[in-house]
Structures are given as C-alpha cells and as structure tokens.
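For reference, the structure is listed below as structure tokens.
All of the numbers you see were taken from the coordinates with simple rules; none came from a lab. Just so we're clear, the structure is a prediction, and the values are computed from it rather than from any experiment. When we count neighbours, we look across all protein chains shown, and the Cβ atoms used for this are built from the backbone with ideal geometry, even at glycine.
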Amino acid sequence: MSVVFVFGSNLAGRHGKGAALDARFKYGAQLGVGEGRTGDAYAIPTKDTQLRTRPLEGVRVSVEMFKTYARDNPGLVFRVTRVGCGLAGFTDDQIGPMFSNAPDNCILPREWLRFR
C-alpha cells in the first residue's frame, strides 16, 4: 500500500518550511501547487497566497475535500501531520475535530486521536 504524506501548505504552494518542506523534498510535493495531491503528498492549505493564515472555515472546506479524496482512494494510506498547528498558529483543539470522521485509511497525529 502506498503512503501519502498529508501536510499544511499555503495556496501559493511555496513549501518552504516545516512539514511542507519535508513534503517537497521527501514526498514529491510540487512547488506552485498549494492544495491537493502531487507525488506522494497531499497539501491542505492553512495559509493564503500571501502566507497569511486562512480563516478557519476555509481550512475546514479544504479538510473536507481531503477527506473525500481519502474516501475515494481506499487503497492508499494517508499519514496526516498536525496540519495548521505549526506555522499557521492553529491549535489541536481547532483543527483536530475537523478530522473526527476521517476514513480509516487516515493515520492521525496522536494529539488528535481523542477527537475520533
């Protein structure tokens, strides 16, 4: 089974710091692609094109799109990082509940298991 690295990104697709940098160099995330799958990575944008933190509702929409993609690809395993809880400044309590109904092929951070 293929493993896809799920990380927080920005809509500009710069992938210059944190998990996004790992996604770029270790998992094939493409520069300029700020949302969705490239290589063995899936970007969930938590910042906009100007690198400002996106509103929580915008992040929620992107998380829902990701969960649909994960459900539609049951042959893949998605290793989810603490999306948005680093450079974007969100807390586990803000982001973790968005993943409460994530499909079983998603491996969530231990900090979010209490929301399952």
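Sub-6 Å Cβ pairs linking a first residue in segment 90-101 that is among the aromatic types (F, W, Y) to a second residue that is outside any loop (DSSP other than H, G, I, E, B) and crowded, with 21+ Cβ neighbours inside 10 Å, at least 6 apart or interchain, are F99/W112, ordered by first then second residue. Residues of segment 30-61 that are in contact with a Gly (Cβ under 8 Å, 6 or more places away or on another chain), in contact (Cβ under 8 Å) with a residue 24 or more places away in the chain and small (G, A, S): G34, A41, A43.
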